[in-house]
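The values are calculated or read from the model by the stated rules, or taken from the named source; none is laboratory data. Quantities reported herein were computed from a predicted structural model and do not represent experimental measurements. No Cβ is skipped: glycine too gets one built from the backbone with ideal geometry, and neighbour counts run over all protein chains shown. For the accessible areas, the whole protein counts, side chains as well, though only heavy atoms, and no ligand, DNA or RNA atoms are used. Shrake-Rupley method; radii C 1.70, N 1.55, O 1.52, S 1.80 Å.
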Amino acid sequence: MTTTSQERVATVVAALMDAIRATIVDQRVTYDEYNAAKQYAIDLGEAGEWPLFADVFFEATVEQVEAATSDASDGAIEGPYFIPGATQLEKPYVMPMREDEPGETLLFSGTVASADGTPLAGAQIDMWHSDHYGTYSDIPYPDDRELPPSGNLRGRFTVDENGHFEVRTIIPVPYEIPKTGPTGAMLAAAGWHAYRPAHLHAIVTAPGHKSLTCQLYLSEDPYLDSDVAGAVKPGLVLTLEKHSDPGDLPARNLDGPYFSASHAFRLAKS
Ligand SMILES: [Fe+2]
């Protein structure tokens, strides 16, 4: 707040207060509801869930506002499960995974270019996503689920001289945000589900360019239109293509059908 001017604080806070007062009037909010809202705010704080609540309900909108003035390709919220320092992969790129990692094989490929289309040789992609059960490695979940090994499905890789990359991984699944605390209680009280559509996370970086934080969703996902975090953009939905030609598999070092999808990342100059 120290760098925010008094005028800016007054403008934004007044707009927020006006929106709350207008809702109270429009919805004829009762004293019982007002007191329940105050208690809910206390509960969120005591449970340490203000960051979760804010990130679920408001971060995607902040990201959209910031992205509106950028000529980069679509970005998305980072989410709470990024861990810096993932394994640097060697070609051919395969995300770190268990020998018997459950889930269908995905070959994710694409390009990284500057906003004007110039390929960015040597750009770096830091990718992470959930496993076939919707669980991220190295995350302390409040329930007693089985955790994947440390570093599972987290990796960094470099694009080639043409700005191209291909990485093999598995297809993630939709997962629920933590719902045992007040944030989940509110979702339940409103009759809303807690799911995020399946997604790959990526942070793309290149010298002389602003980094791009992104989530890539999968066509046909049942939660694309009702993401609890409201972070889906049409430009971030990958079209999955299934490949089951037996002649194609040995060259890919695969013994069963796989899916492919691609995406073109564009970074804004810094
Ligand atoms: Fe995620």
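Counting residues that are more than 15 Å from the chain's Cα centre (by Cα) and within 30 Å of Thr61 (Cα to Cα), which strands (runs of 3 or more DSSP E) fully inside segment 207-270 reach at least 3?
258-267
Looking only at segment 141-178, count how many residues are surrounded by fewer than 18 Cβ atoms within 10 Å (Cβ to Cβ) and more than 18 Å from the chain's Cα centre (by Cα).
Matching residues across segment 141-178 total 14.
In segment 25-74, what residues are touching a residue at least 12 places away in the same chain (Cβ under 8 Å) and either aliphatic (A, V, I, L, M) or in contact with a Ser or Thr (Cβ under 7 Å, 6 or more places away or on another chain) (or both)?
Within segment 25-74, Leu44, Ala47, Glu49, Leu52, Phe53, Val56, Ala60, Ala72 meet the criteria.
For segment 24-62, give me the residue count where each residue is assigned to a helix (DSSP H, G or I) and under 30 Å from the mean Cα position of the chain (by Cα).
Total meeting the criteria: 20.
Any residue that is touching a helix residue (DSSP H, G or I) at 6+ places or on another chain (Cβ under 8 Å), open to solvent by less than 20 Å² (accessible area, probe 1.4 Å) and away from the ligand (no atom under 13 Å from the Cβ) - is there at least one of those in segment 207-216?
no
Take segment 37-96 and flag every residue that is of a type in the set (S, T, N, Q) and closer than 19 Å to Val159 by Cβ.
Ser73, Thr87, Gln88
Just checking, does segment 7-19 include any residue being part of a loop (DSSP other than H, G, I, E, B) and surrounded by 11 or more Cβ atoms within 10 Å (Cβ to Cβ)?
no
Conditions tested, residue by residue: (1) within 16 Å of the ligand (Cβ to nearest atom); (2) open to solvent by less than 60 Å² (accessible area, probe 1.4 Å).
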position	(1), (2)
Pro80	yes, no
Asp100	no, no
Thr105	no, yes
Ser109	no, yes
Val112	no, yes
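Mind listing just one residue for me: the one in segment 47-73 that is open to solvent by 60 Å² or more (accessible area, probe 1.4 Å) and closer than 21 Å to Tyr217 by Cβ and, of those, farthest from the ligand (Cβ to nearest atom)?
Ala68
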